[in-house]
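Here's the structure, in structure tokens; my notes come after.
The values are calculated or read from the model by the stated rules, or taken from the named source; none is laboratory data. None of the values given here were measured: they were computed from a predicted structure. We place every Cβ from the backbone using ideal geometry, glycine too, and count neighbours over all the protein chains shown.
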Amino acid sequence: MFTEANSRIHSNDIQSSATAISSYTYNLNAAINSAQAKLLSLQHEDGYWVFELEADCTIPAEYIMMMHYLDDINEPLQAKIANYLRSRQSADGSYPLFMGGPGDISCSVKVYYALKMAGDDINAPHMVILRDYILSQGGAAKANVFTRIALAIFEQLPWRGVPYIPVEIMLLPKWFPFHLDKVSYWSRTVMVPLFILCTLQAKAKNPHQVDILELFVIHPDKEQHYFPERTLLNKFFLFLDQLGRHTRPLIPKRTHERAIAKAKDWFIERLNGEDGLGGIFPAMVNAYEAMLLLGMPADHPHVVIARKAIDKLLVINEHDAYCQPCLSPVWDTGLATLALQESDKQGNAKALARAYDWLKSKQLSDEPGDWQVSKPNLAGGGWAFQFENPYYPDVDDTAVVAFAMADSNLPNLDESIHRATRWIVGMQSVNGGYGAFDVDNTYYYLNEIPFADHGALLDPPTVDVSARCAMLMAKVAQNHDEYLPALERTINYIRGDQEADGSWFGRWGTNYIYGTWSVLMGLEQTHLPKSDPMYRKAVNWLKSIQREDGGWGEDNLSYHDQSFSGRYRFSTAFQTAWAVLGLMAAGEADSPEVKAGIDFILRAQQADGVWNDKCFTAPGFPRVFYLKYHGYDKFFPLWALARYRNERNLQC
């Protein structure tokens, strides 16, 4: 009887457990189906996905300033942008570089000026606390170089308050310590038209004659310390800056005119149609204003298309509007396809085929590109980040897209995959790593020039990009061993870049969670056993930073202070997805940490099938410029849920 009773209890326990498992499996699959349906509904009829890409308030403020520079003010649009700017103010009055971050004086100065241009009363409460914050930081003279250049153009600051960047730089030989080929693609595209604006000392029309003298602690005409001396090398460059200013009258007129022509020809050749110079807002605006400054009429085709490219970046809602820094369709499409392949490779075959047809149409080949300066004999095969940007294919995008193609098992993709992989192999730096756009862009001394106070002049190899290149090479090398030598060099680079705690730095996503996820996903495709110390140290680190709610989160403050590594005030769905994807890639699908992470993602899902992470998800440039990819909380959590279901065999 005792045995019979125990048997019934045991049977009931098994039945109860089976019911719980069945319920969990049902809920998991329902969540996946809901997220998948939403993502599929957002696919463009041409086959791509593109989500909003939001930055800090600097760019919307610069859009208002551009309208006042030109005396071409769209009042309804300006009012909407002003609404957006007011809504993003922090409690202390400042404007941060990312949501929840500390105030940034440069961003705050530009927003104050833009709001004043838009008609905001300087005695309004939001303007008073913003001004108080700026003055508490030393005033507008303490803003960064780009802000001071804008203030000089609007005659709020003397031109001696900005670096000496003469257009004659265009004529320097390649052996010279500073040359365009020695800086990153984004620096080139921003700087060349800026050379013209600064050399000719552009002057804004500023039709309402708006000034911001109230933001200076000392009158700008009396300010003497625009360029703090940091290092011995920095002092040397400051000396050259002063020498250049004093010897400027000695430059022959013909030399000056030749430099202007070369700069103009350089950026016009790269205007990139309605996708704009470099595909990025600052370069587009500089080119647009430089062409007008050089006397090109407003109806000139180059000028018209340049303005169209800028306005293509606008996001205009019913009550507010902002301007994106660039567009991200190739990146969004590559990641969306990976999520959909994990969730239902066969069922999503039609949507995936449409995506890959579009991606194949965007793959570059023999188009001119700046990368060819260092690799003149390398055949093309990369993808850009934007709709069009042929001069600047992106190594990271190329690795993601080609890997997704290789993982899809769809026909007619082999040629694209191998052209991309051969290009990736050819773009390897000498240390085995990969930069985002350039090879061996490691002239670190250039970060000491006065213009480079943002510290984002270069594009050196980084481990997150390198890991995705390894992921692609390892996947394709299963049947093509010609990729193995480059792969081994990349693995060695990744091994040498691991932090002591087991994590990896994330250059293009926030931050150590992103870098660690990137590496583990890449290593999974290689021959390395899961017992390798790289795996084990990374797994231990990810588990050690899991939050009590089962999720993961990391603040952009970790770029400013490494003690914030893996830490945030709350968990986010997309960073939790990175963590659990990384753990599963390391063989931890059955661990309680992964289960807890998946449970967090399930709890955080909204009724519409997606998630709503409000925080910024990536740096454009660490410590300087941050981004919110609006697609990250749509495809990464789906990817994680689907992989967990597949690893645990929890299909309904």
Open item on the list: Restricting to region 272-307, and then to whatever is among the charged types (D, E, K, R) and over 22 Å from Ala79 (Cβ atoms), can you tell me which residue is surrounded by the fewest Cβ atoms within 10 Å (Cβ to Cβ)?
Closed with: Asp299
Task: Enumeration of residues in region 633-649 that are surrounded by fewer than 21 Cβ atoms within 10 Å (Cβ to Cβ) and either modelled with pLDDT of 95 or more or under 15 Å from Gly597 (Cβ atoms) (or both) - done: Arg645, Asn646, Glu647, Arg648
TODO: Would you confirm whether any residue within region 400-411 is within 24 Å of Leu458 (Cα to Cα) and either under 23 Å from the mean Cα position of the chain (by Cα) or of a type outside the set (Ser, Thr, Tyr) (or both)?
DONE: yes
TODO: Within region 73-88, identify whether any single residue is in the same structural domain as Ile316 (by TED's automatic domain parsing), under 30 Å from Pro249 (Cβ atoms) and in contact with a Phe, Trp or Tyr (Cβ under 8 Å, 6 or more places away or on another chain), and answer yes or no.
DONE: no
Open item on the list: Quick check on region 311-326: of everything there that is part of a loop (DSSP other than H, G, I, E, B) and of a type outside the set (A, V, I, L, M), which residue is surrounded by the most Cβ atoms within 10 Å (Cβ to Cβ)?
Closed with: Cys326
TODO: For Leu583, work out the one condition from (1) under 23 Å from the mean Cα position of the chain (by Cα); (2) in contact (Cβ under 8 Å) with a residue 60 or more places away in the chain it doesn't fulfil.
DONE: (1)
TODO: Inspect region 168-182 for any residue being crowded, with 22+ Cβ neighbours inside 10 Å and either at pLDDT below 90 or not assigned by TED's automatic domain parsing to the domain that holds Ile449 (or both) and give the result as yes or no.
DONE: no
- [ ] Check Lys308 against each of (1) of a type outside the set (A, V, I, L, M); (2) more than 32 Å from the chain's Cα centre (by Cα); (3) assigned to a helix (DSSP H, G or I) and name the one condition it does not meet.
- [x] (2)
Open item on the list: Considering only residues that are assigned to a helix (DSSP H, G or I) and out of contact with any Ser or Thr (no Cβ under 7 Å at 6 or more places or on another chain), which ones fall in region 359-398?
Closed with: Ser361, Lys362, Asp370, Trp371, Gln372, Val373, Val395, Asp396, Asp397, Thr398
Task: Filtered residues of region 583-595 (kept if in contact with a helix residue (DSSP H, G or I) (Cβ under 9 Å, 6 or more places away or on another chain) and part of a helix (DSSP H, G or I)) - done: Leu583, Met584, Ala585, Glu593, Val594, Lys595
TODO: Select, from Asp608, Asp561, the only residue that is more than 17 Å from the chain's Cα centre (by Cα) and within 30 Å of Ser22 (Cβ to Cβ).
DONE: Asp608
Open item on the list: Kindly evaluate Ser571 against the criterion of being in contact with a helix residue (DSSP H, G or I) (Cβ under 8 Å, 6 or more places away or on another chain) and either surrounded by fewer than 21 Cβ atoms within 10 Å (Cβ to Cβ) or not assigned by TED's automatic domain parsing to the domain that holds Leu528 (or both).
Closed with: no
TODO: Return the total of residues in region 191-217 being in a loop (DSSP other than H, G, I, E, B) and either in contact (Cβ under 8 Å) with a residue 60 or more places away in the chain or of a type in the set (Gly, Ala, Ser) (or both).
DONE: 11
Task: Residue match in region 529-536 (condition: among the charged types (D, E, K, R) and buried (at least 17 other Cβ atoms within 10 Å of the Cβ)) - done: no
Open item on the list: Can you confirm whether Asp366 is of a type in the set (Asp, Glu) and modelled with pLDDT under 95?
Closed with: yes
Open item on the list: Residues that are of a type in the set (Ser, Thr, Tyr), under 27 Å from the mean Cα position of the chain (by Cα) and modelled with pLDDT of 95 or more: list the helices (runs of 4 or more DSSP H) wholly contained in region 448-551 that include at least 3 such residues.
Closed with: 512-524
TODO: Can you work out which of the residues in region 346-397 that are among the aliphatic types (A, V, I, L, M) and loosely packed, with under 14 Cβ neighbours inside 10 Å is nearest to Lys182 (Cα to Cα)?
DONE: Val373
Task: Test for Leu352: is it assigned to a loop (DSSP other than H, G, I, E, B) and either in the same structural domain as Lys475 (by TED's automatic domain parsing) or within 22 Å of Leu335 (Cβ to Cβ) (or both) - done: no
TODO: Find the residue count for region 314-340, including only residues that are closer than 19 Å to Pro390 by Cβ, among the hydrophobic types (A, V, I, L, M, F, W, C) and touching a strand residue (DSSP E or B) at 6+ places or on another chain (Cβ under 7 Å).
DONE: 3
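Results for (1) touching a Leu at 6+ places or on another chain (Cβ under 7 Å); (2) at pLDDT 95 or above; (3) under 15 Å from Asn540 (Cα atoms); (4) of a type in the set (A, V, I, L, M), shown as yes or no for each residue.
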{"position": "Ser558", "(1), (2), (3), (4)": "no, no, no, no"}
{"position": "Ser565", "(1), (2), (3), (4)": "no, no, yes, no"}
{"position": "Cys615", "(1), (2), (3), (4)": "no, no, no, no"}
{"position": "Gly620", "(1), (2), (3), (4)": "yes, no, no, no"}
